[in-house]
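Chemist: So that we are looking at the same thing, I have put the structure below in structure tokens.
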Amino acid sequence: MSKNSILEEDQELEFIIIAEKGTKDKIIKYFLFMCASIAIIFIFFIIWFLFASAGNFFHHVHWDEFLLEDDWDPTNEDEPKYGALAIIVGTILVTIGALVIAIPLGIGTAIFISQIAPSKMKKFLKGAVELLSGIPSIVFGYFGLIILNVWLMDTFEIDSGNTWLSGSIILAVMALPTIISVSEDAISSVPVDYKEASLAMGATKWQTIKKAILPAALSGIIASIILGTGRALGETMAVLMVTGNTAIVPEPITDIFSSIRTITATIGIEMGEVPSGSRHYQALFALAIVLFIFTFGINTIATLILSRISQKSTGKQKRRKINIKIPQKVKDNKKLIYYSILILFLTWVIASWIGWILALVISITISGLFFLFNKSSAKNQQRFIFSLIYSAAFIVVLALGILIYYLVIRGLPAITWEFLTEGPDDLGRKGGIFPAILGTLLLVVGAIFYSVPIGIAAGIYLAEYAKEGRITRIIRAAIDNLNGVPSIVFGLFGLAFFVFYLGLGISMIAGQLTLGLMILPTIIKTTEESVKSVPQSVREGSLALGSTKWQSISRAVMPAAIPGIITGIILGMGRAAGETAPILFTAMVFQQRYLPRYPTDPVTSLTYHLFILVTSIPDSEAQAAGTALVLLVLVLMLYGIAIYIRNSYQKKIKW
């Protein structure tokens, strides 16, 4: 054989190998793209099954009757009523109340963490906020029902603590981590030059924060408030347990001690008792559509704002400078008008609680304090504002401390070896919670099994293959909106799709699939961010050695990104372990003494076990407290492991 023929054969073989590698890379790319597209598919499925399950409800009940009348009595045999106005108003009121509490506390704490706190305290506060975000909603509901409602009754001498105020306080604490985290990131991302330039011109620290830093971070702060609103709107178990669940519009509308009912609570209470396909069943799905539209709109707005922030930070957005000179008198008059409107509104609200005379006294006092504040020196203003900021951070830590303290004090006496290793007895008043512990672990493991491969593949595609364009934007929007879907809507989707349509019934596998879908966006996002954080030089070095793109990703990039991916998986496990609403209609039975033998068997969990003990079983306080403590420890352990892995990774590797 000639030398030329050997060279030709070698070239041909090399070409074949390159072609095979290219084909393999294309197949992998298309597979990853399909995994990323699953978010779009399931958003479509959720919307489709919500509307399909609502059926022809609006053919029998006109939309204006449904939205504008406040008589909700779907079980009336003579004439069922489907007026949802009181339920929608209750949802809006409890959310507004939560935001009134959470916004000043959240933004104040974010300012303290990013601009004032020493480095060690900053780490402590960020860890406390992350732990607060990891506490299951059912534990907040338990705390609100057992501790907060009793405190409200004793403090304000009211007949029941199940009130709008109680729901707003609990939701405010639950929304705080979102508002604090996003606001702190936005404030910290403001260039240091802004701060240094302001201080160099003689401004105080507070003047610098107010005039330079906060305006630059305003979009991120607004996004945090919008995301916090979505968190409050979509909460189910906590508000179900503390608000009284009476479908009325408070009279007057500012009566914070009135019982109310929310959309999520209505679905949670009634869905388990209605026949599939009935008018009542369809009405509950119609409520879910209203809730989905609310949260979809809120999440879309937040996504748009955050994307604009990203464009500004990367310099991709064109900047337009518009100089409009507003006379100082006009500015002063506007401020006077705004303050006057605010004082009048505050007077009207307070008057409904304590009467007009005391309300006027309080409003005049507040106005006087505003006047004195504006006339005081810049240093005195800073001292006053900083005292409020310190107080906000202290209240956040105090809320976490009080919650954990009461759970430990009440729950620790119930923790015994028998409690952890035996099944329940006497409707849960005696015995243990071992089946609930194991059921929780089985649900979490199943959810991870179904979601992790898809989530990692989708995250890799978005980080390594996706090019900015319409399709990529649609995928990202679908993932963001899937992440913002209320947990109760996941539960309804699981009921309609997995339980009824696929015929899985009330089963462990239906609950696992529902939870897996719910935590999928978390795993996608953490995987994408972890892969993106690996320096480009790692990829370039691998490619320079002759690796294909996929070989570079799998052998060089992924090993470096593994700690971040594991963190995301553990966070997903923590969220899955603490959820109740998604598995309420898909997997749950109460007081299961025996372990499930097959995936199609129903299962119990710690969250559901706690919910039934607190709301339905008298004389079970000790068992409920022990269950709440075990659940809290389990979830916080998962979040603590995730935080530890992340911090260790940051110390070891500095790109």
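The values are calculated or read from the model by the stated rules, or taken from the named source; none is laboratory data. Owing to the predicted nature of the structure, the values given are computational and were not obtained by experimental measurement. Quick reminder, even Gly has a Cβ in these numbers, built from the backbone with ideal geometry, and neighbours come from all protein chains shown.
Chemist: Among the numbered criteria (1) touching a residue at least 60 places away in the same chain (Cβ under 8 Å); (2) within 30 Å of Ala625 (Cβ to Cβ), which single criterion is violated by Ala86?
Modeler: (2)
Chemist: Among the candidates Phe419, Phe384, which residue alone is in contact with a strand residue (DSSP E or B) (Cβ under 9 Å, 6 or more places away or on another chain) and either over 30 Å from Ala622 (Cα atoms) or touching a residue at least 40 places away in the same chain (Cβ under 8 Å) (or both)?
Modeler: On the way: Phe384 fails: in contact with a strand residue (DSSP E or B) (Cβ under 9 Å, 6 or more places away or on another chain).
Phe419 is the lone residue from the list that is in contact with a strand residue (DSSP E or B) (Cβ under 9 Å, 6 or more places away or on another chain) and either over 30 Å from Ala622 (Cα atoms) or touching a residue at least 40 places away in the same chain (Cβ under 8 Å) (or both).
Chemist: Within region 426-472, count every residue that is among the small types (Gly, Ala, Ser) and surrounded by fewer than 19 Cβ atoms within 10 Å (Cβ to Cβ). If you could, list the steps in order and put the result at the bottom.
Modeler: Step one: filter region 426-472 for residues among the small types (Gly, Ala, Ser), giving 428, 431-432, 436, 439, 446-447, 451, 455, 457-459, 463, 466, 469.
Now drop any that are not surrounded by fewer than 19 Cβ atoms within 10 Å (Cβ to Cβ), which leaves 431, 469.
Number of matching residues: 2.
Chemist: One residue is enough: does region 360-379 have a residue meeting the conditions in a helix (DSSP H, G or I), farther than 30 Å from Ile111 by Cα and touching a Ser or Thr at 6+ places or on another chain (Cβ under 8 Å)? Break it down into steps so the answer makes sense when it comes.
Modeler: Applying the first criterion (in a helix (DSSP H, G or I)) to region 360-379 yields 360-375, 378-379.
Remaining after also requiring farther than 30 Å from Ile111 by Cα: 360-361.
Narrowing further to those that are touching a Ser or Thr at 6+ places or on another chain (Cβ under 8 Å): 360.
Checked against the condition, which is being in a helix (DSSP H, G or I), farther than 30 Å from Ile111 by Cα and touching a Ser or Thr at 6+ places or on another chain (Cβ under 8 Å), region 360-379 yields at least one hit.
Chemist: Determine, yes or no, whether Leu199 is of a type in the set (A, V, I, L, M), assigned to a helix (DSSP H, G or I) and surrounded by fewer than 23 Cβ atoms within 10 Å (Cβ to Cβ).
Modeler: Details: of a type in the set (A, V, I, L, M): yes; assigned to a helix (DSSP H, G or I): yes; surrounded by fewer than 23 Cβ atoms within 10 Å (Cβ to Cβ): yes.
Judged against the criteria, Leu199 is a match.
Chemist: Name the pairs whose Cβ atoms lie under 7 Å apart, with the first residue in region 22-43 and under 18 Å from Ile474 (Cβ atoms) and aliphatic (A, V, I, L, M), the second at pLDDT 85 or above and not in a helix (DSSP H, G or I), and 6 or more positions between them or separate chains?
Modeler: Matching pairs, first to second residue: none at all.
Chemist: Taking region 276-293, which residues are over 17 Å from Asn76 (Cα atoms), in contact with a helix residue (DSSP H, G or I) (Cβ under 7 Å, 6 or more places away or on another chain) and in a helix (DSSP H, G or I)?
Modeler: Scanning region 276-293 gives Phe285, Ala286, Leu287, Ala288, Ile289, Val290, Leu291, Phe292.
Chemist: At least 2 residues that are among the small types (Gly, Ala, Ser) and either under 30 Å from the mean Cα position of the chain (by Cα) or at pLDDT below 85 (or both) in each: list the helices (runs of 4 or more DSSP H) lying fully within region 534-642 that qualify.
Modeler: Numbers: elements: 536-544, 549-552, 558-578, 581-584, 606-616.
In region 534-642, 536-544, 558-578 are the helices (runs of 4 or more DSSP H) which contain 2 or more residues that are among the small types (Gly, Ala, Ser) and either under 30 Å from the mean Cα position of the chain (by Cα) or at pLDDT below 85 (or both).
Chemist: For region 61-171, list the helices (runs of 4 or more DSSP H) that sit wholly inside it and hold at least 1 residues that are farther than 27 Å from Gly572 by Cα, at pLDDT below 90 and in contact with a helix residue (DSSP H, G or I) (Cβ under 8 Å, 6 or more places away or on another chain); which are they? Please lay out each step first, then the result.
Modeler: On the way: elements: 63-68, 85-111, 119-134, 137-143, 149-156.
Here the list reads 63-68.
Chemist: Assuming Ile263 fulfils every condition listed in (1) at pLDDT 90 or above; (2) touching a Phe, Trp or Tyr at 6+ places or on another chain (Cβ under 6 Å) apart from one, which condition is it?
Modeler: (2)
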